[in-house]
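K.L.:
Below is a structure I'd like to ask you about.
The values are calculated or read from the model by the stated rules, or taken from the named source; none is laboratory data. The structure presented is a predicted model; accordingly, all values stated were derived computationally and were not measured. Here Cβ is always computed from backbone atoms with ideal geometry, including for glycine, and neighbour counts include all displayed protein chains. Note: areas computed on protein heavy atoms with side chains; ligands, DNA, RNA excluded. Shrake-Rupley method; radii C 1.70, N 1.55, O 1.52, S 1.80 Å.
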Amino acid sequence: MKFEAPAGSNLFDRSQIVGKSTPRIDGPLKTTGQAPYAYERHDMANQAYGWVVGSAIAKGLIASMDVSDAQSAPGVIAIVSAPDTKPVGKGIANNAPLFGGPEIAHYHQAIACVVAETFEQARYAASLIRTTYDRSQGAFDLAKVAPDAPLAKGDDSKSTLGDFDAAFAAAPVKLDARYTTPDESHAMMEPHATIAAWEGDKLTLLTSNQMVAWAKQSMGKILGIDPANVRIDSPFIGGGFGGKLFIRADAVMAALAAKKAGRPVKIALQRPLIANNTTHRHATIQHIRIGAEKDGKITAISHENWSGNQNGKNGEDATLQTPKLYAGANRLTANYVATLDLPEGNAMRAPGEAVGHLALEVAMDELAEKLGMDPVELRIVNEPKMVPGSPEKKFSDRNLVRCLREGAERFGWSRRSKTPGSMRDGRWLIGMGVAAGYRAGPTEASGAHVKLDADGRITVETDMTDIGTGSYTIIAQTAAETMGVSLDQVKVELGDSRYPKSSGSGGQWGAASSTAGVYAACVNLRRAIGEKLGFDADAATFEDGSIRSGNRSYKLTEAGALSADGEMTYGDFKDDYDVGTYAGHFVEVGVDAYTGVTRIRRMLSVCDAGRILNPLSARSQVIGAMVMSAGAALMEELAVDPRFGFFVNHDLAGYEVPVHADIPTQDVVFLDTLDDIVTPMKAKGVGELGICGPGSAIANAIYNATGIRIRDYPLTLEKYLSEMPAVA
Amino acid sequence: MRPFTYQRAGSVAEAVKAVGSRDDAMFLAGGTNLLDLMKLQIETPAHIVDIQDTGLDKIEKTKDGGLRIGALVSNTALSADERVRKDYPVLTRAIQAGASGQLRNKATTGGNLLQRTRCSYFYDTNMACNKRDPGSGCAALQGYSRQLAVIGSSDKCIATYPGDMAVGMRVLDAVVETMKADGSTRSIALADFHRLPGDHPEQDNVLETGELITAVWLPKPPGGRHFYHKVRDRASYAFALVSVAAVIQDDGSGRVAFGGVAPKPWRVEAADAALGQGAKAVIARAFADARPTEENRFKIALAERALAGVLAEARNA
């Protein structure tokens, strides 16, 4: 099915199941420990344990590797070592080398894997491998290399409109500031994990991966085998956040080790390896300049961004939201990527936008201060009619102003003191901050297979994944609604590459895309039923296990067992639109007048993302993203040691993410909007919208509380303690 | 993890005899730190003597009106003890500021005193660390040192002692009771228990091989108002940037110790004496010999402000 025109009225506008808060249908499996996560699967016999060894240097060559002691250690079955293995290929969007050969491109790059009968034997034997290196110099300091960094590869790395320089020079009110954000780790609960098994030339990977179809293609490229011989199965994922979009060392090493050991091998990357072995969000340096009239109307806006990565490829483009959020005739955005020898930077929840907001939405707060305007009003004054950076495009559906106005009303924004440092509660300085949020609402082609059995039950099969987001449930809701059955009549099977290819989970496209694909398959199943029973399915009503067509009526069970494939694809008409999601984020913080410690007191996000398929799980997505944004604002930072070129704090004691005690009351409000342009469901994703803005609202609230503006994240107390008012 | 043999001792005498003069043997209590370090191959004992059956899990009144806390009393039990809550609240507050509920259930009084540093370079066996591998150097000195010591460190090591409980005990003038391998016992003032690194950062404390902590003694209650203020980036389950343990009397005199700043709970008698003159005077004395790095210099100002907050609370009581 091709979506070629705005949706118009359809069955989802009268929905009974889609759009209703629905507990996860996979919840009982998870709470009873029966959900099969990759490392804990027992449906593959004779598993041996693998342990991955990471490089002790960041750049250079392996001079020697002696595995003899490890080889003769108790229980050891096989050892795969880099010097003895020809370099493997690269997977989709994979930048750093994954394994093989003497060359080291980053710290903790996999250099060996020991396979043994038990986990403990593999771990101990791995410690007996003796490796020497020839170290070489590398570039590890973004601030040092950024000034000479070239524009990112690709057409859209620099874009201009009007004459920014002239307009900025002429503007009566100007903001010109630099912001930095650090490298961040996905820090998901479940480590990267895989069980690999070969049967002849056929490879099966029970793994934890957000994008099953990419994983299948990637494994083919990496191992130099026909992707058709690769099966990926990833039904449950304990968090991904973009860190599991791609094949990483767990899957590669498990596959190579299983081949050598001649039996299935399971590997979970040990926690201390994850920060440096896998991917992370790149650090950024951002320069923002905004010129405005005295009434707050922006006349010139520029956002330049620098990040670095292996091979100078694929940086963190923090400018992405800037062409979308605010009006202004004269514009410049530019994205530069330096070459760094740190581990591979890659996608992490709202890549680009999450950290772009940390700069842009503070810049807007600073501009409001200069103008003497309320920061909510400044944003509303600059609400654009057409997409500011691409004036030929229309917004599909945009309600940012409503988000801000409703948010301000609900939050009690009017109680905010305009004078920084003037609200106090005991030893706490109190401040309120606001930020707008924009995150694209993309869709990807997505397919499914839908079966009707003789008892009238529906089974959906698709390689879509559920990374904790609630895919199982919204897919079940969609099938139940379309087929006119109750939710408990629907079974959903996900994550297996033997099922039709879906959108997968990433970039906030999963919910909208995968449900549209399931809808397409259900429409085809309805037609198959119509053909069998002799009615026009497109004109019929499927409801309560029955079908009404004109004055005739059928039971679904009359059709017998039937099945259909379907896929939703998208027409060019979408190119005329910018499909986005929007939010107004409000935060109240307390800053300890003595120690400078910041604690969040209240958070509110008002979201505009079209139809909300399942408000219960959508809220869960948004509050999770708000937490992650709080972490980015207040504590998360992979600390770079530029002498050795690695992230030093590579475990969960050193890399702090928020705990429950850091997060107070969180309110999430969804506007009752519908987006006709996105899919027949009129629904957009929310999983990344919630991380676009709350962190900047926190920064702005700290300013409101203290009058101190910090532009380097995370906003840890040593960066402003010396500016805090003296205490007796 | 290096393969090891395991023995469960039925008494203190049996435990100290089992370790004896073996420097490749270690006692195991709650295991919340030791087992992690073994998994990471930072500690590599060949023999483990589990002391959980040695009966050291009681809190008893002493003749001079204090408490004797058995080495196996869990952090949870100690912090919840009615006598501790009433007479030594600084200790309850310090313990509850540390770790998480699950860890405190398992962690013991003796084991907690022996918690090793959380320096990132100590934890990464690819990096030079004199504490882990004597003579290999210190990668932290010129490295990521935000969390590390500002005072009491040496050119060989700038690790901090990471715990909270001991900081509370330090301000209470606690005494550590031990039994040596030969069955003799001794008492070590907590002030003298942890070592400064000097040229031997591998020695965290003064315990000899085979010497087991059997109890911690608290003198009679000090009275006054008790405070434990821990400053950290997140609200729970994080090590201190700076912590302040203080007992303040009605006349403004008192005692103060600092955590997160040194290789041991940091207390200076001359600083105690300056409490009546305010935080600045105390810090000037307590941190007179500070040698911070660029990254952790802020801890001294932070300690002063944290103490000022404590003193303000004491005044407003």
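K.L.:
Considering (1) closer than 18 Å to A:K297 by Cβ; (2) hydrophobic (A, V, I, L, M, F, W, C); (3) out of contact with any Phe, Trp or Tyr (no Cβ under 9 Å at 6 or more places or on another chain), say which one A:M386 fails and leave the rest.
P.N.:
(3)
K.L.:
A:V606 is checked against (1) surrounded by fewer than 22 Cβ atoms within 10 Å (Cβ to Cβ); (2) farther than 30 Å from A:M1 by Cβ; (3) modelled with pLDDT of 95 or more; (4) away from chain B (no Cβ under 14 Å) and fails just one. What number does that condition carry?
P.N.:
(1)
K.L.:
Tally the residues that are in contact with an Asp or Glu (Cβ under 9 Å, 6 or more places away or on another chain) and not hydrophobic (A, V, I, L, M, F, W, C), restricting the search to the stretch A:596-620.
P.N.:
9
K.L.:
Only one residue in A:F119, A:F140, A:F168 is over 30 Å from A:A630 (Cα atoms) and buried (at least 19 other Cβ atoms within 10 Å of the Cβ). Which one?
P.N.:
Unique residue meeting the criteria: A:F168.
K.L.:
Taking only the stretch A:656-685 into account, find how many residues are open to solvent by 30 Å² or more (accessible area, probe 1.4 Å), assigned to a loop (DSSP other than H, G, I, E, B) and more than 14 Å from every other protein chain (Cβ to nearest Cβ).
P.N.:
Final tally of qualifying residues: 3.
K.L.:
Of the residues A:A561, A:A633, A:A653, only one is within 14 Å of another protein chain (Cβ to nearest Cβ) and surrounded by fewer than 24 Cβ atoms within 10 Å (Cβ to Cβ); which?
P.N.:
A:A653
K.L.:
Hand me the list of helices (runs of 4 or more DSSP H) wholly inside the stretch B:236-317 holding 2 or more residues that are more than 12 Å from chain A (Cβ to nearest Cβ).
P.N.:
B:269-273, B:279-286
K.L.:
I'm told B:A107 meets every condition in (1) surrounded by fewer than 24 Cβ atoms within 10 Å (Cβ to Cβ); (2) aliphatic (A, V, I, L, M); (3) under 14 Å from B:G31 (Cβ atoms) except one. Can you identify the failing condition by its number?
P.N.:
Unmet for B:A107, out of (1) surrounded by fewer than 24 Cβ atoms within 10 Å (Cβ to Cβ); (2) aliphatic (A, V, I, L, M); (3) under 14 Å from B:G31 (Cβ atoms): (1).
K.L.:
Also, I was wondering about something else. Residues of the stretch B:204-235 being open to solvent by 10 Å² or more (accessible area, probe 1.4 Å), within 14 Å of chain A (Cβ to nearest Cβ) and under 19 Å from the mean Cα position of the chain (by Cα), which ones?
P.N.:
Of everything in the stretch B:204-235, those that are open to solvent by 10 Å² or more (accessible area, probe 1.4 Å), within 14 Å of chain A (Cβ to nearest Cβ) and under 19 Å from the mean Cα position of the chain (by Cα) turn out to be B:F227, B:Y228, B:H229, B:K230, B:R232.
K.L.:
Then there's this: Within the stretch A:471-487, does at least one residue satisfy the condition of being surrounded by fewer than 22 Cβ atoms within 10 Å (Cβ to Cβ) and not β-branched (V, I, T)?
P.N.:
yes
K.L.:
Here is a further query. Taking only pairs six or more apart or across chains, which ones have beta-carbon atoms under 7 Å, a first residue in the stretch A:701-728 that is within 11 Å of chain B (Cβ to nearest Cβ), and a second residue that is open to solvent by 40 Å² or more (accessible area, probe 1.4 Å)?
P.N.:
A:P714/A:E637; A:K719/A:D712; A:L721/B:A301; A:S722/B:A301
K.L.:
So which of A:Y554, A:Y519 is part of a strand (DSSP E or B) and open to solvent by less than 50 Å² (accessible area, probe 1.4 Å)?
P.N.:
None of the others qualify; the one that does is A:Y554.
K.L.:
Suppose we filter B:G135, B:G152, B:G110 for residues that are under 18 Å from the mean Cα position of the chain (by Cα) and on the phi > 0 side of the Ramachandran plot; which single one remains?
P.N.:
The unique qualifying residue is B:G152.
K.L.:
Also: Which one of these is buried (at least 23 other Cβ atoms within 10 Å of the Cβ) and in contact (Cβ under 8 Å) with a residue 24 or more places away in the chain: B:T62, B:T125, B:T117, B:T32?
P.N.:
B:T117
K.L.:
For the stretch A:526-551, name all the residues that are open to solvent by 40 Å² or more (accessible area, probe 1.4 Å), under 22 Å from A:F3 (Cα atoms) and part of a strand (DSSP E or B).
P.N.:
A:T541
K.L.:
OK, next. Can you confirm whether A:E444 is in contact (Cβ under 8 Å) with a residue 24 or more places away in the chain and not in a loop (DSSP other than H, G, I, E, B)?
P.N.:
Considered against the rule, which asks whether it is in contact (Cβ under 8 Å) with a residue 24 or more places away in the chain and not in a loop (DSSP other than H, G, I, E, B), A:E444 comes out as no.
K.L.:
Next question. Restricting attention to helices (runs of 4 or more DSSP H) lying wholly within the stretch A:44-145, give those where 3 or more residues are within 14 Å of chain B (Cβ to nearest Cβ) and within 19 Å of A:N311 (Cβ to Cβ).
P.N.:
Ranges flagged: none.
K.L.:
Looking at this structure, is A:R601 within 14 Å of chain B (Cβ to nearest Cβ) and open to solvent by 20 Å² or more (accessible area, probe 1.4 Å)?
P.N.:
yes
K.L.:
Which residues, taken from the stretch B:132-151, are open to solvent by 10 Å² or more (accessible area, probe 1.4 Å), in a loop (DSSP other than H, G, I, E, B), more than 12 Å from every other protein chain (Cβ to nearest Cβ) and within 11 Å of B:C119 (Cβ to Cβ)?
P.N.:
If the condition is that a residue be open to solvent by 10 Å² or more (accessible area, probe 1.4 Å), in a loop (DSSP other than H, G, I, E, B), more than 12 Å from every other protein chain (Cβ to nearest Cβ) and within 11 Å of B:C119 (Cβ to Cβ), then B:R132 is the only one that fits.
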